[in-house]
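First up is the structure itself, then whatever we jot down about it.
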Amino acid sequence: MRKILTMLVALAAVLAAATTVRNEQPAGVPDGARQFFTLKHRPVDKWTVELYRNGLRQFNGADFLVDVPGSRIGFLPCCIPQTGDLLLADYDY
């Protein structure tokens, strides 16, 4: 229990010092084939990434995955963005 509390306190400190990015368009052009897109910064944690496709929230683990410690977003095969789709990301780094 003590270890979990210590980890939560450490995570809270990291998040408090983090910078928040809003409405960043990840690098890469949606074309119906591209599965991976890149954020400008490495997120603090994969769970801080909120991704929107044409204004609709996508779900981490169901629609896309975040490669941490990298900064890549990978869409699952069912959810690869199509030509003309607009991707926007909010996250902490």
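The numbers here are math on the coordinates, done by the rules we state, and not lab data. Since this is a predicted model, take the numbers as computed values, not measurements.
Okay, here's what the table says:
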read-out: For the chain, built as a Gaussian network whose Cα springs stay under 10 Å, the top-fluctuating residue of Q58, Q82, Q25; value: Q82
read-out: Additional length obtainable on full extension of the chain from E50 to L76, 0.36 nm per residue less Cα span; value: 7.8 nm
read-out: Gain on full stretching of the segment that runs from K40 to T19 - 0.36 nm per residue minus C-alpha separation; value: 6.3 nm
read-out: Rg/Rh (Cα only; Kirkwood hydrodynamic radius) as it applies to the chain; value: 1.04
read-out: Rg and Dmax [Cα atoms of the stretch 34-88; Å; Rg one decimal, Dmax integer]; value: 10.4, 30
read-out: 222 nm mean residue ellipticity, helices alone, for the chain (DSSP H n ≥ 4; -39,500 (n - 2.57); rounded to 500); value: -5500 deg cm²/dmol
